[in-house]
1. Have a look at 316, 306 and point out the one that is within 22 Å of residue 53 (Cβ to Cβ), out of contact with any Phe, Trp or Tyr (no Cβ under 7 Å at 6 or more places or on another chain) and of a type in the set (D, E, K, R).
2. How many residues, within the stretch 277-309, are in contact with a helix residue (DSSP H, G or I) (Cβ under 8 Å, 6 or more places away or on another chain), within 18 Å of residue 69 (Cα to Cα) and not in a loop (DSSP other than H, G, I, E, B)?
3. Which of the residues that make up the stretch 282-321 are at positive phi and surrounded by fewer than 24 Cβ atoms within 10 Å (Cβ to Cβ)?
4. Is it the case, given these coordinates, that residue 11 is in a strand (DSSP E or B) and surrounded by fewer than 19 Cβ atoms within 10 Å (Cβ to Cβ)?
5. Quick one: in the stretch 162-218, of everything that is over 22 Å from residue 53 (Cβ atoms) and among the β-branched types (Val, Ile, Thr), which residue is farthest from the chain's Cα centre (by Cα)?
6. Please work out which one of (1) part of a loop (DSSP other than H, G, I, E, B); (2) within 30 Å of residue 289 (Cβ to Cβ); (3) touching a strand residue (DSSP E or B) at 6+ places or on another chain (Cβ under 7 Å) is the condition residue 157 fails and give its number.
7. Kindly check whether there is at least one residue in the stretch 213-230 that is part of a helix (DSSP H, G or I), over 21 Å from residue 31 (Cα atoms) and in contact (Cβ under 8 Å) with a residue 12 or more places away in the chain.
8. Regarding residue 193, is this residue at pLDDT 95 or above and either within 17 Å of residue 78 (Cβ to Cβ) or polar (S, T, N, Q) (or both)?
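The values are calculated or read from the model by the stated rules, or taken from the named source; none is laboratory data. Here the structure is a predicted model, which means the values were calculated and not measured. Virtual Cβ from ideal backbone geometry, glycine too; neighbours counted across all protein chains shown.
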Amino acid sequence: MTTATEEERMGIAERVDGLLAAGKAPGLHGLVVVRDGRVVLERYGDGEDFRLGEPLGHVRFGPDVLHDVRSVTKSVVALLYGMALGDGLVPGPGEPLLPAFPAYADLAEGREGLTVEHALTMTLGLDWNENVPYTSTANSELAMEAAPDRYRYVLERPVVEEPGKRWHYCGGASALLGGLIADGAGVPLEEFARERLFGPLGMPFEWTANRGVVLAAAGLRLRPRDLAGLGSLVLDGGRGLVPEWWIGEMLRPRVEISEGFAYGYQWYVSPGRWVGATGNGGQRIVVVPERRLVVALTAGEYDAAEQSSAAVALEEVLRED
């Protein structure tokens with residue numbers, strides 16, 4: 001006789017395999033489902049892939065193949081910030097932002113009210129536009145990386161509204177957090193990540209850099225298994241690696257994006273349902289605490305108008321029959 005967990009696993013597998021056989025998720029590259037700390041489903045595909053804008057050709061994916069996770073990087077940076085905060089290396093969320101960047105004291109006027117929390121919640125109130133493709137410097141994140149000084153580029157954006165009032169997607173906020181961590185730790189961001197997070201968890205990674213500094217908004221490459229591992233770490237309260245109190249703070253809804261959908265500290269939150277991280281093309285970590293379920297997805301629909309492969313696969317995994 002099968003157990004409830006085994007029945008659930010079989011149901012998920014049947015639905016996902018049916019979806020893939022019907023060609024309804026053509027861009028899906030990887031899917032890992034973890035229930036109660038145990039992998040219950042793992043599927044891989046193949047397709048054209050990229051390292052940010054660099055073509056990698058046709059790739060056959062598998063358990064040990066790294067994949068761009070794009071803006072899931074932001075949520076990993078939030079974990080690293082919490083670790084640095086626990087060690088007293090970075091200013092707390094309520095601290096003013098500009099004094100943490102003393103090289104830009106000339107920009108302080110009119111920005112005195114900005115706090116670290118405004119960066120954590122993407123409520124800086126600065127002029128920023130990522131609603132155009134990530135292939136043009138008309139996109140503020142691309143313009144930031146093309147600028148001689150990414151931090152000055154972010155901090156000198158015109159103030160267009162009161163900080164803290166409205167969520168506005170901003171990779172520059174994540175770049176500032178990465179700078180705070182590196183400065184406080186006294187080592188590059190990727191070294192802090194290796195020593196404190198990825199190394200202890202046994203997770204191989206790559207982190208794309210621009211002019212010697214890694215991209216805190218989008219540059220990480222991880223295996224789908226390790227995306228699931230990070231989701232499990234969050235589900236388990238940090239396991240002593242990330243402060244448990246920080247996990248709670250990070251995942252508390254801070255600003256509403258739309259009805260039933262909010263933002264915490266660089267993580268998305270559907271209150272009472274799930275928390276998650278998301279990246280361009282279909283990269284996902286979704287944690288469903290009540291079901292002790294973690295879902296990790298990678299996909300290759302970068303910059304596409306429809307990025308549905310991960311969404312339809314996730315729907316089949318989360319469906320309760």
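1. Step by step, each of 316, 306 is checked, and only 306 is within 22 Å of residue 53 (Cβ to Cβ), out of contact with any Phe, Trp or Tyr (no Cβ under 7 Å at 6 or more places or on another chain) and of a type in the set (D, E, K, R).
2. Matching residues across the stretch 277-309 total 14.
3. 292, 303
4. No: the conditions fail for residue 11.
5. 187
6. Condition not satisfied by residue 157: (2).
7. Scanning the stretch 213-230 turns up no residue that is part of a helix (DSSP H, G or I), over 21 Å from residue 31 (Cα atoms) and in contact (Cβ under 8 Å) with a residue 12 or more places away in the chain.
8. So residue 193 fits the description; yes.
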